[in-house]
1. With n ≥ 4 as the cut-off for DSSP H runs, can you work out [θ] at 222 nm for the chain, using -39500 (n - 2.57) per run divided by the number of residues, rounded to the nearest 500?
2. In percent, how large is the relative contact order of the chain, given Cα pairs closer than 8 Å and 6 or more residues apart?
3. Keeping every protein chain present and rolling a 1.4 Å probe, give me the accessible area per residue for the chain in Å².
4. Using amide H atoms built in the peptide plane, which far-off residues or other-chain residues are under 5 Å from residue 131 H to H?
5. Just to compare against my own numbers: the Cα pair-distance distribution for the range 6-106, 5 Å bins, whole % per bin, please.
6. Go through 96/338; 39/338; 289/441; 365/441; 39/89 and tell me which ones have a Cα-Cα distance over 20 Å in this structure.
7. Roughly how compact is the chain, stated as its Cα Rg over 2.2 N^0.38 Å to two decimals?
8. Rolling a 1.4 angstrom probe over the protein chains, ignoring ligands and nucleic acids, what is the accessible area of residue 251 in square angstrom, nearest 10?
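The values are calculated or read from the model by the stated rules, or taken from the named source; none is laboratory data. Everything numeric here is computed off the predicted structure, so don't read it as measured data. Quick reminder, even Gly has a Cβ in these numbers, built from the backbone with ideal geometry, and neighbours come from all protein chains shown. The protein model used for the area step is the full one, side chains on, heavy atoms only, and it has no ligands, DNA or RNA in it. Shrake-Rupley method; radii C 1.70, N 1.55, O 1.52, S 1.80 Å.
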Amino acid sequence: MAAWYEEAVFYHMYPIGMTGAPRENKEEGIVHRFEQLEKWLPHIGEIGCTAVYIGPLFESTTHGYDTRDYKVVDRRLGDNDDFVRFVKKAHELGIKVVVDGVFNHTGREFFAFQDIQRNREHSGYCNWYKGINFGWDNPYHDGFGYEAWRNCFELVNLNLWEPAVREYLLGVIDFWIDTFDIDGIRLDCADCLEFSFMEEMRRRTSAKKADFWLMGEVIHGDYSRWLGDDMLHSVTNYELHKSIYSGFNDHNFFEIAHNVRRLEAIGRSLYTFVDNHDENRIASKLIRKSDLFPVWLCLMTLPGIPSIYYGSEWGLEGSRTSTSDEALRPALSVWDEKTYHCQLTDFIRRAVQLHIREEAFHSGKYQELYLTNRQYAYSRYCETSTVITALNNDENSAEFDIPVPSGFQKAICLTEEMEPVPVINGTLHIRLKGSWGAVLKLKGEK
């Protein structure tokens, strides 16, 4: 039986943005905005998503990744009891909850860093951070230097070789599992974390909760390095993200197919997406908005664990600037569904539910069947079924013949009502309108 995360479709929530919380944490008291977030859960379940990735949630100073306190929910969103109720409500609806784990760095307001500011060389926390040097200075003029994530000096890099730091962070994870009953962690900046720390995390979390999921944010590099029975379960598939929008924009399905073939060799389910809180919305990336339909069908039927970023089911646009990500993280209410609901929303819902329903999409193997610049067909197959996805990224309609395995007599379309397509001489003859796709399930003696 497959683990829950192998069969999941995620809904990605960036809570500080979607609730309209202040971007700077100057709240004197707690503001209970989790009530807004709870109202999204029925909508998420109605789409068909079975898990949410929500974060960041740790008490922080600005965007959520400059942590002040690992054991307190950000006061701009609510308190710990509010998040307990959120997780409980999600679980009642059959939705798993995965949170952001920001363990590569802290903010400057974290207690260990502030102790160094006060006590300098006499602080007991000097080894908690990388590059502490009292002969240097930094842009904040603390009178000492330190290593910062990508030279963003509000983010101070933790020293994960320090045993006290490791034990503290592992205790934080224990606290979040015990207090909130979370189901997994998405590791921020996993490509910067020490491998031995992630191995220790896997041992600790697996012993505490057998089906606990660890997924890492990895942008560049050989993904297989982070994956394994003693490492992470999954990582972010930025390569597929890039190849999907680029392949559609450039009429180059070869880019997508090459990427899928290469990553299939890893043998692990990667976390797939077409946009997120750091990337421009897919509706803004695509040259032709009509391509949104086959893009989402592609995401939901290719290998991987797919995710929807909040609002993208409505085709919302948004692009980052050189100085701000605000357009990617807008304030939205679930009631905006009434305003933004469109044909794309219904299409994505059907694609999500198709992914959940068909075993081949979350446990089946992949096989490329037909490939040109503008047409692409592949199968996902397991012991019980074989399902074919056919895509057309040309503005005009296209007809093509797809070879299928022997023993099948016809194909039933799962995405729209149409007559069964007969298998003739080992092929399916398909006609697709421009910027469209179809999913067909093979039937017959086999």
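1. Numbers: 14 runs with 133 residues, N = 446.
Only helices count here, giving -8500 deg cm²/dmol.
2. Details: 908 pairs, mean separation 57.7, N = 446.
It comes to 13 percent, rounded to a whole number.
3. Normalised by residue count, the accessible surface of the chain is 40 Å².
4. Those lying under 5 Å, H to H, from residue 131 are 147.
5. Bins of 5 Å from zero give 3, 13, 25, 24, 18, 11, 5, 1, 0 percent of pairs.
6. Values: 96/338 26 Å; 39/338 14 Å; 289/441 28 Å; 365/441 15 Å; 39/89 10 Å.
Violating the 20 Å Cα-Cα cut-off are 96/338; 289/441.
7. Working: Rg = 23.3 Å, N = 446, 2.2 N^0.38 = 22.3 Å.
Taking the Cα Rg and dividing by 2.2 N^0.38 Å, one obtains 1.04.
8. Roughly 20 Å² of residue 251 is accessible to a 1.4 Å probe.
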